[in-house]
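Input: a single structure, listed below in C-alpha cells.
The values are calculated or read from the model by the stated rules, or taken from the named source; none is laboratory data. From a predicted model like this one, the values you see are computed outputs, not experimental measurements. A quick note on method: Cβ atoms are made from the backbone with ideal geometry, for glycine too, and the neighbour counts reach across all protein chains shown. Quick note on the areas: whole protein, heavy atoms, side chains included, nothing else; ligands and nucleic acids left out. Shrake-Rupley method; radii C 1.70, N 1.55, O 1.52, S 1.80 Å.
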Amino acid sequence: MLELTDLDVRYGAVRALRGLSLTVAEGEIVALLGNNGAGKSTALAAVSGLVRPSAGRITLDGREVTGASPPAMVAAGVVHVPEGRRIFSTLTVRENLQLGGYLVRDGAELERRIARVYDLLPRLAERRDQQGGTLSGGEQQMLAIGRGLVAGPRLLMLDEPSMGLAPLIVTAVMDVIRDINAAGTTVLLVEQNAKAALRIAHRGHVLDQGAVTLHAPAAELAADPRVIEAYLGA
Amino acid sequence: MSQLVWNGLFVGSFYALVALGYSMVYGVIKLLNFAHGDLYMLGAFSGFAMLGALGGLVRSQSLLALLLVLVATMLVTGLAGMALERVAYRPLRGAPRLSLLITAVGASFALEYGTRAAAGADPRVYQVRLGGTTLHVLGARVTVQQLVLVAIAVALMVALHRLVTSSRQGRAMRAIALDPVAARLMGIDVDAVIARTFFLGSALAGAAGVMAGGYYGKIDFLMGFIIGLKAFTAAVIGGIGNIPGTMLGGLLLGLLESFGTDLLGGEWRDVFAFGCLILFLTVRPTGLLGERVTERV
C-alpha cells in the first residue's frame, strides 16, 4: 500500500533520513522503532507532506505521492496523528473531532463519523463539550486518534501514542489501535516503547541514523537479542 | 452624561469594526498588520469613486446608494487585503516576526502614498452626507444616521462572530491560530484560510471606511493612520486575537475617549487614547479577555 524508497530528508545541514526504505501492506500494523533522533517522526512527516524529501520516492498504491501537500495526503486517506498529540487545546472535544473531518463536506456524513468515534471511545462522548486541553493525557491521546479517524483514513500513522502515559493507559491505547486495525485500517506505528508496539504489530522496522537497520515480523524482533538489548531492556 | 455614552459607543463601533481585522490577522498568523488602517482608507476612497460613478441615484436615494456602495466596497477592500497578504506577507511565512512587522509598515506607506499618487493629496468631500432627523433618547441627541451606522456595524460584528464560532471556516481559523502544523494535518489548506481571514478583516475595515466617509464627510490618504493605531489600541484593550474581546475593546476605547475628552478637552483625545494603550501594555498586556494570548506566548 505504502512504499518508501531510498528516502532522504535534510534539515539544513542535518540529514534526518538517509536512504530510508520500507513498505506497509494493506491491513498490517507496522511498527517503526528506534531511539530518539533515529528519524522515525521525520519518516511520518515526509509521508504526510509536512517535510519535503530531498531524494527518494514515496508511493501510495503504486501512485507516486512524493512531496504531496498534507491536504492531498489526507484526501488520499493517509492520516498522521502527530507526536505530542497536538490537540487544539481551547477548542472542545467535539470541535477537535469536527476538524479531523475538515475535508468531509457532507454534514450528515461528518456526524455519522463522529458518532462512530464516540462509540469506539466513549470517554470522548462524555467529554464532548469540554475543552481539549482539560483532558487527561490518555484522553488527549484518544482524542488525537479519534480526530484522525474522523478523516476516514485507510492508513493511520501514529507517532508515539504511548508517550507520557501510565502503563495501564498504554495498554488501553494499544488495544484501541488493534481494534482500529481489526476494523480494516492499516496502521504505521512509531514508538519508543518497543515492547508495547511489538505486542500489537505484525511487522517491525528498526531505524538508526535515518535508515532501516533491521526488519522482521514482530515476534522475531521481540525475540532478537539485539533488539532486546537496545530497545526492550533486560 | 448619556450623550457622552452615546458618542462613545458610536465612535467605538467604528473602532471595533476596524480592530476586528487587526485582531483576526494577529490571532491567525501573529502579525500586527500595520497596513490595516490603510485598508479602511482604501475603503473610503473606493466608496468615493463608486458614489461618483452612481451619480443620480446618490441624490435621490442616498441611504440605498450608500448601502450598495458599502457592500461593493467590502468586496474591493477584501480582495485588496488578500492581494496584500499574497504579495507582502505570504513570501515571509516562517521568517522572523520582525521582518513581517517591517514589511507591514512598508505596506502601509505603499498604500498611503499609492493612494496619494492616484487620487491626489487634497482631502475629498463625500457626495453623500447622511442627513438624519435628531431623536432624543434618555437625554442624548441621537441622529437616525448614527443609528443606521451602528446597526450595520453591530450586524457585521454579529455575523463575523457567528462565522468564527460555528462555521467550518471559523473552526479552521481557530485551529490555525492554535497550531498551524496540526491544522495542516487535518487537511486544512492553511494559506487559503489565511487569505480568507485577510478578506474578512479587510472587508470590515472597508465598510468602516465608507461609513466614516458618509458620516464625517471628508476623506484623505492619511486617514487610516490614526484609526489604525486606535484599532490596535482597541484590540490590545480587549485582548488581541480574541474576537468578543476586540469588540468590547473598541466600544470601551470609544467610551474612554468620549469621557476623557469631556474631562480634559478635545485636544487631549488622542493623548488619552494612547495613554490607555501604554497603560494596558504595561499592566495587562493580554487585554481584558485575552487569556488565550498568554497561553500562546
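A few notes on this one:
- Karplus-derived HN-Hα couplings along region B:210-226 (A = 6.51, B = -1.76, C = 1.60, θ = phi - 60°), whole Hz, x at Gly and Pro: 5, 4, 5, x, x, 8, 7, x, 10, 10, 8, 6, 9, 5, x, 5, 5
- Sulfur and carbon atoms: percent of accessible area, the protein assembly as shown [1.4 Å]: 61
- Charge tally for A:Gly152 (other residues, Cβ to Cβ under 13 Å; Lys, Arg +1; Asp, Glu -1): +4.
- When each of the peptides B:157-167, A:151-161 is scored by the mean number of other C-beta atoms lying within 10 Å of its residues, the order from highest to lowest reads A:151-161, B:157-167.
- At R0 = 41 Å, FRET efficiency that the Cβ-Cβ distance of B:Ala140 and B:Lys218 yields, to 0.05: 0.95
- Taking only Cα atoms of region B:164-227, radius of gyration then Dmax in Å: 16.3, 49
- Taking only the alpha carbons of the protein assembly as shown, we obtain Rg and Dmax values of 27.8, 91 Å in that order.
- Panel note: contact residues of region B:186-205 (accessible area lowered by at least 10 Å² against the chain on its own; 1.4 Å probe) correspond to B:Met186, B:Gly187, B:Ile188, B:Asp189.
- For region A:1-59, the list of GluC sites (Glu not before Pro) that fall in a loop by DSSP and count at most 14 other C-beta atoms within 10 angstrom reads A:Glu26.
- Alpha-carbon centroids, region A:142-213 and region A:39-103: separation in whole Å: 15
- Net charge dipole, region B:2-296: roughly 560 debye, given to the nearest 20, about the Cα centre with Cβ charges of +1 for Lys and Arg and -1 for Asp and Glu.
- Computed across region A:78-234, the Kirkwood hydrodynamic radius from all distinct Cα-Cα pairs reaches 16.3 Å.
- Reachable lysines from B:Lys218, criterion Cα separation under 27 angstrom, eight or more residues apart if same chain: B:Lys230
- Distance between modelled label sites at A:Ala183 and A:Arg116, nm, 7 Å Cα→Cβ extension: 0.6
- Calculated log₁₀ intensity ratio I(q)/I(0) where the Debye formula runs over C-alpha points of region B:7-54, q = 0.14, 0.18, 0.23 Å⁻¹: -0.46, -0.68, -0.86
- Other protein chain C-beta atoms within 10 Å of residue C-beta, averaged over B:173-185: 6.
- Normalised by the number of residues in chain A, the mean separation of alpha-carbon contacts (under 8 Å, six or more apart) gives a relative contact order of 27 percent.
- With N counted as the residues of region A:47-110, its alpha-carbon radius of gyration over 2.2 N^0.38 Å works out to 1.32.
- Fraction in percent of alpha-carbon pairs per bin - 10 Å, region B:2-296: 7, 28, 36, 22, 6, 1
- Residue-normalised convex hull volume from the C-alpha trace of region A:125-180: 92 Å³ per residue.
- Relative to the dominant Cα principal axis of chain B, helix B:269-283 is inclined by about 20°.
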